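The next block holds one structure in the form of structure tokens; read it before the comments.
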Amino acid sequence: MERTAKLTFEGHELELPIEEGAEGELAIDVSDLYGKTGATTLDRSLANTALCRSQITYIDGDKGILRYRGIPIEDLVYRPNFVEIAWLLIFGRLPNRQELSDFSEALSNNQLLHEGLRHQFQHIPVDAPPMAILSAMLNNLACYHQELLTVEDTEQFTLAAARLISKVRTIAAFSYRRSRGLPIIHPDPALRYCANFLHMMFSVPYRHHVLDPEIEDALNLIFILHADHEQNCSTATVRTVGSARANLFASCAAGVCALWGPLHGGANVEVISMLEQIAAGGMEPEECIRLAKDKDSGFRLFGFGHRVYKNYDPRAKILRETCERVFARIQVRDPLLDIARKLEELALKDSYFVDRRLYPNVDFYSGIILRAMGIPTNMFTVCFAIGRLPGWIAHWKEQHDDPSSRIIRPRQVYLGSKQRGYVPMSER
Ligand code: ACO
């Protein structure tokens with residue numbers, strides 16, 4: 001028998017269907033409520049609203065579970081490479097050898113930027129924020145690949161996806177080089193995905209960057225851990241823009257803009273600023289915790305808390321271990337790691353954080369590892385975007401392929417003035 005929920009509204013009883021997810025999670029379907037009652041539902045910040053049906057990523061925030069296409073994140077981080085995970089997310093299953101090789105080849109064939117796009121870097125202010133450059137340049141890809149603005153078949157879609165996943169890394173590295181006044185280093189098709197990014201970031205003419213395999217692995221892991229996270233702010237943005245049938249480039253450019261915010265992907269930058277301030281003696285860790293608890297301070301403990309996780313973010317757990325490994329390998333001590341550990345220790349025994357179930361999230365330790373790789377702070381959120389791109393593309397595709405999807409258009413509760421007349425300027 002179909003399960004339903006009953007709603008009594010203005011003397012009428014309504015039966016609302018209940019939808020059950022693959023892991024038993026329940027959703028009351030209110031899609032027809034407005035049509036039947038004339039009333040909307042109010043769900044501030046959509047904290048209680050399932051935006052769509054999806055088969056890509058599963059999260060159990062209470063238990064700290066994260067799975068891509070059913071596979072636990074812990075099983076994905078040490079074996080495959082990021083390109084394999086991108087394919088898994090986008091196409092729904094692990095690729096076979098041939099499929100992976102074809103996709104890797106498509107990435108290599110599309111890693112260069114059109115010369116017109118490359119020249120645009122010359123006109124950007126040297127100190128421009130890299131996230132602004134990334135968003136603009138991803139959107140600009142639409143000018144140079146107009147044949148991919150509408151995607152009619154899998155071949156066309158795969159080409160658009162490969163262009164984005166490959167070029168995002170080139171654009172990111174070029175924006176860094178430009179900010180440092182360094183010559184642009186072109187991608188090397190002989191290198192793997194992460195190695196190629198590090199090469200474009202750190203090689204100089206006639207001197208190839210010497211790659212540490214531990215660093216390449218750590219970057220691969222960071223990209224994989226960021227690759228998807230179901231309906232987060234930037235992914236919901238990509239879906240919203242894509243629901244208007246906007247092209248893949250424009251939709252992903254919008255995702256970059258959402259990710260930039262300090263409450264989302266920009267938190268990894270805020271974490272480092274906070275740790276640096278403590279390291280410079282500007283604040284004691286205890287003071288930092290006190291400020292985070294004081295609602296009037298406007299300060300938050302960045303890298304802590306999550307809308308969905310009410311347990312330790314499994315990505316943060318993996319990153320914490322990776323931090324230890326990377327620092328042991330490169331034999332460097334970063335005082336910021338000790339401060340981060342201290343903050344975590346203080347927060348996890350403080351009733352404010354315990355009662356609200358606030359734990360470290362993915363941004364708490366990722367910046368410390370990126371710093372150890374020599375990646376500057378203003379590139380952290382860009383690295384997050386490179387990692388998240390396959391997730392955005394997978395969600396865009398899922399929605400694009402769903403014949404029942406409609407334009408996303410929420411409603412509001414209007415609290416403004418009732419109708420009133422226009423007052424001419426002379427009478428105001
Ligand atoms: N420091 C101090 N207090 C916090 C923090 C924090 N980092 N996070 C949440 N709280 C408090 C809130 O003030 C609120 O307290 P109250 O119940 O007394 O009003 C309570 O915990 C619940 O928090 P919400 O704001 O309702 O949580 P929400 O789901 O809206 O926000 C968010 C989640 C934005 C991640 C929040 O925890 C936060 O601002 N964290 C810091 C920024 C951050 O690290 N963002 C990255 C998130 S992961 C990602 O996007 C990749």
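Comparing SER45, LEU16, ALA132 along the charge dipole axis of the chain, the residue lying farthest to the positive side is ALA132, per the Cβ-charge model. Fully extending the segment from LYS317 to GLU2 would add 109.4 nm, taking 0.36 nm per residue of separation and subtracting the current Cα-Cα distance. Spin-label model, ILE71 to THR377: label points 7 Å out along the Cα-to-beta-carbon direction sit 3.6 nm apart. The charge dipole of region 217-313, taken about its Cα centre with unit charges on the Cβ of Lys, Arg, Asp and Glu (plus for the first two, minus for the last two), comes to roughly 520 debye.
If packing is taken as the mean number of other Cβ atoms within 10 Å per residue, what is the order of 254-262, 219-227, 125-133, highest first?
The peptides rank, most packed first, as 219-227, 254-262, 125-133.
Considering only Cα atoms, the convex hull volume of region 108-232 works out to 132 Å³ per residue. Annotation for ASP296 and ARG245: the two label points, set 7 Å from Cα along the Cα-Cβ direction, are 5.5 nm apart.
Relative to the Cα centre, the charge distribution of the chain, modelled as +1 at Lys and Arg Cβ and -1 at Asp and Glu Cβ, gives a dipole magnitude of about 920 debye. With R₀ set to 35 Å, the beta-carbon distance separating ASP338 from HIS209 gives a calculated FRET efficiency near 0.80. Note on the chain: helix-only mean residue ellipticity at 222 nm, from DSSP H runs of 4+ residues weighted -39500 (n - 2.57) and normalised by residue number, equals -16000 deg cm²/dmol.
Look at the dipole of region 204-270 built from charges on Cβ: of HIS229, VAL241, CYS257, the Cα furthest out on the positive end belongs to VAL241. Given the options LEU275, LEU117, LEU14, state which has the largest fluctuation in a GNM of the chain using a 10 Å cut-off (strictly under) for Cα springs. Checking each option, the largest mean-square fluctuation is seen for LEU14. Given q = 0.08, 0.09, 0.12 Å⁻¹, what are the Debye log10 I(q)/I(0) values for the chain, with equal point scatterers placed on the Cα positions and solvent ignored? Each listed q maps to, in turn, -0.50, -0.63, -1.06. Within the listed set MET373, MET200, MET283, the Gaussian network model of the chain (springs between alpha-carbon atoms below 10 Å) gives the highest mean-square fluctuation for MET283. Taking the Cα centroid of region 270-346 and of region 228-242, what is the distance between the two, rounded to the nearest whole Å? Their Cα centres are 26 Å away from one another.
Approximating the spin labels as points 7 Å out from Cα along Cα→Cβ, the CYS143-to-SER45 distance works out to 3.7 nm. Take the cross-link list LYS36/LYS418; LYS63/LYS342; LYS293/LYS317; LYS63/LYS293; LYS295/LYS349; LYS293/LYS397 and give me the ones stretching past 30 Å between alpha-carbons. From LYS36/LYS418; LYS63/LYS342; LYS293/LYS317; LYS63/LYS293; LYS295/LYS349; LYS293/LYS397, over 30 Å: LYS293/LYS397.
Prolate is the label for region 308-376, because the ratio a/c of its alpha-carbon gyration tensor axes (a ≥ b ≥ c) is 1.5 or higher and a/b is greater than b/c. About its Cα centre, region 249-364 has a charge dipole of approximately 460 debye under the convention of +1 per Lys or Arg Cβ and -1 per Asp or Glu Cβ, with nothing else charged.
Just so you know, all these numbers are worked out from the coordinates, no wet-lab data involved. The structure displayed is predicted, hence computed values, not measured ones. Positions of Cβ are generated from backbone atoms using ideal geometry, with glycine treated the same way; all protein chains shown enter the neighbour counts.
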